[in-house]
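Take a look at the following structure, please.
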Amino acid sequence: MDIGIIGAGNLGTGLAKRLLATGHDVVLSYSRDMSKLEETARVLGARAGTLIDAVSFGEVIVLATPYTASADALKQVGNYLHGKIIWDCTNPLKPDLSGLLIGTNTSAGEENAALAPSAHVVKAIPPFAELLHSASIDVGGGQPDVFLCGDDESSCQIVSTLVKDIGAEPIVVGKLVFSRYVEPANMLSVALAYGNGFGPRVALSLRRGS
Ligand SMILES: NC(=O)c1ccc[n+]([C@@H]2O[C@H](COP(=O)([O-])OP(=O)(O)OC[C@H]3O[C@@H](n4cnc5c(N)ncnc54)[C@H](OP(=O)(O)O)[C@@H]3O)[C@@H](O)[C@H]2O)c1
């Protein structure tokens, strides 16, 4: 599948690496330093482009910017997003990771969707970038769960397939409004990993009984 990635930082490059390894084509975009972006893409074996290049190329657009930059990126490509699937990886973290800038009565997922009304936004926050960049993504002997939500069922299925391709287990929880709970749940992982000293090899998992 053709995938445009907005944001080539820790997460964007970790996803690019794993998606390229499973046969997808990737265009990386959105840096304040185009020569750095080009070098990052070259090392990964991907292509670098402008925001418009990445969005025009991708059937799926991975949004991997800080939450505080996502509105700027989406506004620049609003006219190119018609019918596109946006895999929204953003969590509206405070810059010092001490909490969320917004949450529970709205979400980054919903705010990003409002800026891209002609696209299908799927919220799915991947495992920590350190895991994506390491030899194994597994946590505690198994694949990390990724909670996923969106209003368009077939877009959720497509992003679920990509989540499987990076080595994680997708759990579809419902409509995009569930971002209000997916994002704080991810914040708990961030707090455990970086606040409580557990480190990045942590993941929340769903256990079900009959
Ligand atoms: N890191 C993780 O483990 C992880 C896991 C799950 C979800 N997430 C989410 O993924 C998103 C990205 O996280 P990250 O850790 O990959 O962040 P990051 O390493 O800081 O990467 C951010 C990327 O956005 C680009 N960017 C362009 N314009 C920007 C601007 N005005 N301000 C800031 N960055 C700008 C940066 O490019 P230049 O610096 O080259 O300009 C960089 O490539 C966040 O929403 C985060 O909550 C992260």
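Tell me which residues come under 5 Å, amide H to amide H, from G58 once H is placed; ignore anything under 5 positions away on its chain.
Those qualifying (amide H under 5 Å, at least 5 residues apart or on another chain) are G4.
Could you tell me the accessible area of Y194 in Å² (1.4 Å probe, neighbours in place), rounded to the nearest ten?
Counting only protein heavy atoms, the figure is 100 Å².
Using a simple spin-label model with points 7 Å from Cα along the Cα→Cβ vector, what separation in nm is obtained for S98 and A114?
2.6
Additional query: Please give the FRET efficiency for L192 paired with D33, using the beta carbon to beta carbon distance and R0 = 22 Å, rounded to the nearest 0.05.
Working from the Cβ atoms, E equals 0.10.
With every protein chain kept in place and ligands, DNA and RNA left out, what is the accessible area per residue of the range 58-196? Probe 1.4 Å, answer in Å². Each step should come with its number before you reach the end.
Working: 5830 Å² over 139 residues.
So the range 58-196 comes to 42 Å² accessible per residue, rounded to a whole number.
With every protein chain kept in the model, how would you rank F198, F57 by accessible area, 1.4 Å probe, largest at the top?
Values: F198 125, F57 50 Å².
Largest accessible area first, the list is F198, F57.
Next question, about the same structure. Over all directions, the average projected area of the alpha-carbon convex hull for the chain comes to how many nm²?
Reported value for the Cα convex hull: 11.3 nm².
Counting only protein heavy atoms, what percent of the accessible surface of the chain is carbon or sulfur at a 1.4 Å probe?
Details: 5040 of 9820 Å².
Within the chain, the accessible surface is 51 percent carbon and sulfur.
Another question, if that's okay. Along Cα→Cβ, 7 Å out, is where each label goes; now give me the distance between the ones at S205 and S154 in nm to one decimal.
With each label point 7 Å from Cα toward Cβ, the separation is 3.4 nm.
Where both partners of a DSSP beta bridge lie in the range 67-210, what percent of those bridges are antiparallel, to the nearest 5?
Numbers: 5 of 14 bridges.
Looking only at bridges with both residues in the range 67-210, the antiparallel portion is about 35 percent.
Can you compute 3J(HN,Hα) from phi for each residue in the range 145-162, using the Karplus curve 6.51 cos²θ - 1.76 cosθ + 1.60 with θ = phi - 60°, rounded to whole Hz and x for Gly and Pro?
Taking θ as phi minus 60°, the curve returns 7, 10, 7, 9, 8, x, 8, 10, 4, 5, 5, 4, 5, 5, 5, 4, 5, 5 Hz for the range 145-162.
For a quick check: with amide H placed at 1.01 Å from N, whose amide H comes under 5 Å from I171's, ignoring anything fewer than 5 positions away on the same chain?
Answer set, sorted by chain and number: V146, F147, L148.
Only Cα pairs under 8 Å and at least 6 apart count here; give the relative contact order of the range 1-160 as a rounded whole percent.
Value for the range 1-160: 21 percent.
Right, next: Could you work out the relative contact order of the range 84-210, using alpha carbon pairs under 8 angstrom and six or more residues apart, expressed as a whole percent? Mind showing how you got there, number by number?
On the way: 213 pairs, mean separation 36.4, N = 127.
Worked out over the range 84-210, it gives 29 percent.
Same structure, new question: Taking 0.36 nm per residue of separation and subtracting the Cα-Cα distance, what length does fully extending N79 through E169 add?
Details: separation 90, 0.36 × 90 = 32.40 nm, distance 3.26 nm.
Contour length minus Cα-Cα distance gives 29.1 nm.
The values are calculated or read from the model by the stated rules, or taken from the named source; none is laboratory data. The model shown is predicted, which means the values in this text are computed figures rather than measured ones. Virtual Cβ from ideal backbone geometry, glycine too; neighbours counted across all protein chains shown. Side chains are part of the model used for accessible areas, which takes the heavy atoms of the whole protein and leaves out ligands, DNA and RNA. Shrake-Rupley method; radii C 1.70, N 1.55, O 1.52, S 1.80 Å.
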